[in-house]
Amino acid sequence: MAKKRYDPLWEIVDEQITLQGAEPDVDRRCPHCNVIVHLGPLTKVGERYECGLCGGVSQVAEQQEGASLTRVG
């Protein structure tokens, strides 16, 4: 039996929503306080994020290993 990739309850209404936990985690460290920040798989270069712990604003930058956070201002 094949492993399900989409939530069967959403498929009832013809929506294909991935199962929770099936998408890859994109976690990086806040450049201000070093706490781990969850960016999510749909992160785009140039987006800004505010750390929930210290309130520092960071911007998503692209590097060889994937997305990273850099300080803003």
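If the Cβ limit is 9 Å and pairs must be 6+ apart or interchain, which residue in the stretch 10-21 that is at pLDDT 75 or above pairs with which residue that is among the aromatic types (Phe, Trp, Tyr)?
Once the first residue is at pLDDT 75 or above and sits in the stretch 10-21, its partners that are among the aromatic types (Phe, Trp, Tyr) give Glu15/Tyr6; Gln16/Tyr6; Gln16/Trp10; Ile17/Tyr6; Ile17/Trp10.
Identify all residues within the stretch 23-43 that are farther than 30 Å from Tyr6 by Cβ and within 14 Å of the chain's Cα centre (by Cα); write none if there are none.
Initial filter on the stretch 23-43 (farther than 30 Å from Tyr6 by Cβ): 29-35.
Correct list: Arg29, Cys30.
Keeping to the stretch 44-63, report how many residues are in a loop (DSSP other than H, G, I, E, B), of a type in the set (A, V, I, L, M) and over 13 Å from the mean Cα position of the chain (by Cα).
The initial filter retains those residues of the stretch 44-63 that are in a loop (DSSP other than H, G, I, E, B), namely 44-47, 51-56.
Still in the running and of a type in the set (A, V, I, L, M): 45, 53.
Pick out the ones that are also over 13 Å from the mean Cα position of the chain (by Cα) and you get 53.
Here the count works out to 1.
Quick one: is Gly73 modelled with pLDDT of 80 or more, surrounded by fewer than 11 Cβ atoms within 10 Å (Cβ to Cβ), in a loop (DSSP other than H, G, I, E, B) and more than 12 Å from the chain's Cα centre (by Cα)?
So Gly73 does not fit the description; no.
Within the group Pro41, Pro31, Pro24, which residue is at pLDDT 85 or above and in a loop (DSSP other than H, G, I, E, B)? Please lay out each step first, then the result.
On the way: Pro41 fails: at pLDDT 85 or above; Pro24 fails: at pLDDT 85 or above.
Answer to the selection: Pro31.
The values are calculated or read from the model by the stated rules, or taken from the named source; none is laboratory data. Keep in mind that this is a model prediction, so the values were computed, not measured. Cβ coordinates were reconstructed from backbone atoms using ideal geometry, including for glycine residues, and neighbour counts include every protein chain displayed.
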